[in-house]
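The values are calculated or read from the model by the stated rules, or taken from the named source; none is laboratory data. Only a predicted model underlies this, so the values are computations on that prediction, with no experimental measurement involved. Virtual Cβ from ideal backbone geometry, glycine too; neighbours counted across all protein chains shown.
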Amino acid sequence: MVPLSWYLILAAALFSIGLFGVLSRRNAVAILLGIELMLNAVNINLAAFWRYGNVLHMAGQVFAIIVFAVAAAEVAVGLALVISVYRKRNTVIADDIDLMKW
Amino acid sequence: MSFWKDPLKVAADWLMGILTGWGMSEVAAQVLIGFLGVLILISILMVLDIFLVWVERKVVSRFQDRIGPNRVGPFGLIQPFADIIKLLIKEDITPTGADKVVYNIAPMLSMMSVLILWAIVPLAPTILSVDLNIGALYIIAAGAIGTLSIIMAGWSSNNKFALIGAFRQVAVMVSFEIPMLTMLLIPTILAGSMGMNAIIEKQDIWFVWLSPLAALIFLITAIAELGRAPFDMAEGESELVAGYNTEYSGMKFGMFYAGELLHAFTYGGFLAILFFGGYRFFGLEQVSPFLAIAVIIFKAFVGYWVIMWVRYTLLRIRIDHMLAFNWKFLTPLAFTLLIVTALVNALLAGASAWLYVTGMFLSNVALAWAALEIARSYGHKEREKTEGMKKVVTPSQGTP
Amino acid sequence: MTAEQIIFLLVALFTLGSGFMVVTTGNLVHAALWLVATLFGVAVVFALLNAGFLAVVQVVVYIGAIAILFIFAVMLTRKDMRDQGPQMNRGWWVGALIAVLVFAGLFFLLQGWNGLSRTAAAIPAGFDAVAELGNALVSPDAFVLPFEVASVLLVAALVGAVYVAFNRK
């Protein structure tokens, strides 16, 4: 039998890996990839607590489905923004998109 | 339980007895038997695939008023083996600059996405791999993996034509998944479950009589998902060389080609399961599971024949027309059909069988007629607009 | 080590390995494909948790739509077919340090909670998770309001994405 802690540690590790990706990558699309990893880690957490808690109470799965919808919306708008920025400035390196720096 | 009534269980129990007799643990024996079952299923499917190559070539030749392969073996039955040997002994070329790992994995993923679909196909009431209660959604998931394999193939070939072909094909596949998903919900509403076995169990009256428009839209979107004509942007031989499989030679191309044929047959099978009663044929399936297998394979072949018929009759549609057709016609129609089906199903739930069938059928026909009327008036307006722009020169004008 | 534990360890290793490759590989298209592998690993974890619907929806939504969107975006935002320059920014070791600290913090936090070693209770027989989920999503005294708000959010995202990325010539 797999104890709950294993799932939670898996989720924590995936979250940390995603966090590292967000903080350390230059390319804006790569930063969005890290965000996706973090959202998936959260979903694993929610599903694990649904299973190991009260299976009849569907809140965990419903929350996970809402997270799916939110992640899809965020990726769509985020990538649209990145592509729009690329059209204007011809770069996707996050450091070079610094028009408002003084 | 005799072998003829429940072959899988009898075979599994016998094997389990032998394996545990040899000292294997129950769990390990279970896993091994599972693997063996998967292996047998895949072997049968690949042999069927070889047969489908022959069927395809014979049918296309008859549509084109010629005979087709008839030299190699009786009626050309050995022809696919000749094709396979030719593909196997061809040189395996990897283009320079191609991404080797992705280039090699793409055909495997393409074939895999077709084979995993057969996990939910019930061949008989007692012969099925997995009775998944979310089978309808699983079909879309397998399609998603197929989409991924195409984009991997197109990108890794380091070839602009392949990339454009892959982009177009993926755009078509992703767009047409939406009406397909909606059409998969119609048998779900009518049967009350997404599982394939449950859908077949509830088809005392075939769902095609209850919802012919859903069957038609499912057929159209299935052909688009397969990437076959008239939606074959990826293989538009006159436009894009060979689309995403331009740079593939030898058995890797064979995997794409055979995978496409098996995919078409699989969708024929799903058309049969979802709308034409699956393995049911007026109680024949209760007699023996092997008769049920024969029934469903026959129905799948009929569906496959319809898909081939459409392919070899219609012209290719332009990519922007394809996408406009999907987003401006099919998707609103699919959603409206879903709402109408759910409404009629709820309103006529307690009525007699004849009233129910007639009500659903007429609602479908009315919706189809309304959709075609709207399309016709729109086309009429477009035609008037373009014809109004043409200047008609009569002989009396333009005189010197 | 029961079979279930071995399977979980293999899947977890695969998922974490693919996740690590996502954030470290230099070639962005490879990163997107490693993301596909990670998402598939997460789908398998959902299946291990008896959340079958979530597993299939994960494949359909994440792999079938979001990963494809990423691959398209990567291909549309490169100046030529090769990658350029280093893929990590200058302060990447700070990012690594923060990630390790976060993981250590979460680990330490989880150690102090005694509910961790509980094992899963058996699922009651005849429990149809999909039917229950469907009921929960549309029942007025369950979660119909978040469901409807999520659909409004998706429409807003659809309109916004099309408008932002529209190529006005």
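Looking at B:LEU210, B:LEU216, B:LEU181, B:LEU185 in this structure, which one is buried (at least 22 other Cβ atoms within 10 Å of the Cβ), of a type outside the set (Val, Ile, Thr), out of contact with any strand residue (DSSP E or B) (no Cβ under 6 Å at 6 or more places or on another chain) and assigned by TED's automatic domain parsing to the domain that holds B:ILE139? The unique qualifying residue is B:LEU210.
Scanning region A:21-35 for residues that are under 11 Å from C:VAL23 (Cβ atoms), of a type in the set (A, V, I, L, M) and facing chain C (nearest Cβ under 7 Å) yields a count of 3. For residues in region C:87-132 being touching a Phe, Trp or Tyr at 6+ places or on another chain (Cβ under 9 Å) and farther than 27 Å from A:ALA59 by Cα, which is modelled with the lowest pLDDT? This residue is C:TRP92. Within region B:358-380, work out how many residues are farther than 17 Å from B:PHE325 by Cβ and not hydrophobic (A, V, I, L, M, F, W, C). Here the count works out to 5. On the given criteria, is A:ALA80 buried (at least 21 other Cβ atoms within 10 Å of the Cβ) and either out of contact with any Ser or Thr (no Cβ under 8 Å at 6 or more places or on another chain) or not in a helix (DSSP H, G or I) (or both)? No: the conditions fail for A:ALA80. Checking each residue in region A:83-102 for being more than 7 Å from every other protein chain (Cβ to nearest Cβ), in a loop (DSSP other than H, G, I, E, B) and among the aliphatic types (A, V, I, L, M) picks out A:ILE97, A:LEU99, A:MET100.
Restricting attention to region B:78-96, and to residues there that are surrounded by 14 or more Cβ atoms within 10 Å (Cβ to Cβ) and of a type in the set (S, T, N, Q), which single residue is nearest to B:ASP49 (Cα to Cα)? The residue in question is B:GLN79. How many residues does region C:125-149 hold that are under 25 Å from B:GLY135 (Cβ atoms), hydrophobic (A, V, I, L, M, F, W, C) and in a helix (DSSP H, G or I)? Result for region C:125-149: 8.
Of all the residues in region B:127-165, those that are of a type outside the set (Val, Ile, Thr) and either without any contact (Cβ under 8 Å) to a residue 12 or more places away in the chain or facing chain C (nearest Cβ under 10 Å) (or both) number 19.
Taking region A:1-14 on its own, how many of its residues are aromatic (Phe, Trp, Tyr) and more than 7 Å from chain C (Cβ to nearest Cβ)? Qualifying residue count, region A:1-14: 1.
The listed residues are A:PHE15, A:PHE63, A:PHE20, and the only one of them that is surrounded by fewer than 20 Cβ atoms within 10 Å (Cβ to Cβ) and assigned to a helix (DSSP H, G or I) turns out to be A:PHE63. When each of A:GLU74, A:GLU36 is tested for being surrounded by fewer than 20 Cβ atoms within 10 Å (Cβ to Cβ), modelled with pLDDT of 90 or more, touching a helix residue (DSSP H, G or I) at 6+ places or on another chain (Cβ under 8 Å) and among the charged types (D, E, K, R), the lone residue that passes is A:GLU74. The number of residues in region C:1-35 being surrounded by fewer than 24 Cβ atoms within 10 Å (Cβ to Cβ) and more than 7 Å from chain A (Cβ to nearest Cβ) comes to 19. In region A:50-69, how many residues are within 7 Å of chain C (Cβ to nearest Cβ) and not hydrophobic (A, V, I, L, M, F, W, C)? Within region A:50-69, residues that are within 7 Å of chain C (Cβ to nearest Cβ) and not hydrophobic (A, V, I, L, M, F, W, C) number 3.
What about B:ILE293, is it assigned by TED's automatic domain parsing to the domain that holds B:ALA224, out of contact with any Gly (no Cβ under 6 Å at 6 or more places or on another chain), among the β-branched types (Val, Ile, Thr) and within 18 Å of B:PHE51 (Cβ to Cβ)?
Against the criterion (assigned by TED's automatic domain parsing to the domain that holds B:ALA224, out of contact with any Gly (no Cβ under 6 Å at 6 or more places or on another chain), among the β-branched types (Val, Ile, Thr) and within 18 Å of B:PHE51 (Cβ to Cβ)), B:ILE293 qualifies.
Rundown of residues vs (1) β-branched (Val, Ile, Thr); (2) assigned by TED's automatic domain parsing to the domain that holds B:MET183; (3) without any contact (Cβ under 8 Å) to a residue 40 or more places away in the chain, yes/no style:
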site	(1), (2), (3)
B:TYR304	no, yes, no
B:ARG311	no, yes, no
B:ASP320	no, yes, yes
B:LEU323	no, yes, no
B:ASN326	no, yes, no
B:LEU330	no, yes, no
B:THR341	yes, yes, no
B:GLY350	no, yes, yes
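The helices (runs of 4 or more DSSP H) found entirely in region B:139-250 that carry 1 or more residues being polar (S, T, N, Q) are B:160-191, B:196-201, B:212-226, B:237-240. Restrict the check to region B:41-57 and report whether at least one residue is more than 30 Å from B:PRO7 (Cβ to Cβ) and loosely packed, with under 15 Cβ neighbours inside 10 Å. Scanning region B:41-57, I find no residue that is more than 30 Å from B:PRO7 (Cβ to Cβ) and loosely packed, with under 15 Cβ neighbours inside 10 Å, so the answer is no. Among helices (runs of 4 or more DSSP H) entirely within region B:1-92, having at least 1 residues that are within 16 Å of B:LEU262 (Cα to Cα), at pLDDT 85 or above and not hydroxyl-bearing (Ser, Thr, Tyr) singles out B:26-63, B:79-88.
If you check A:GLY78 against the conditions, is it in contact (Cβ under 8 Å) with a residue 40 or more places away in the chain and in contact with a Leu (Cβ under 6 Å, 6 or more places away or on another chain)? Criteria met by A:GLY78.
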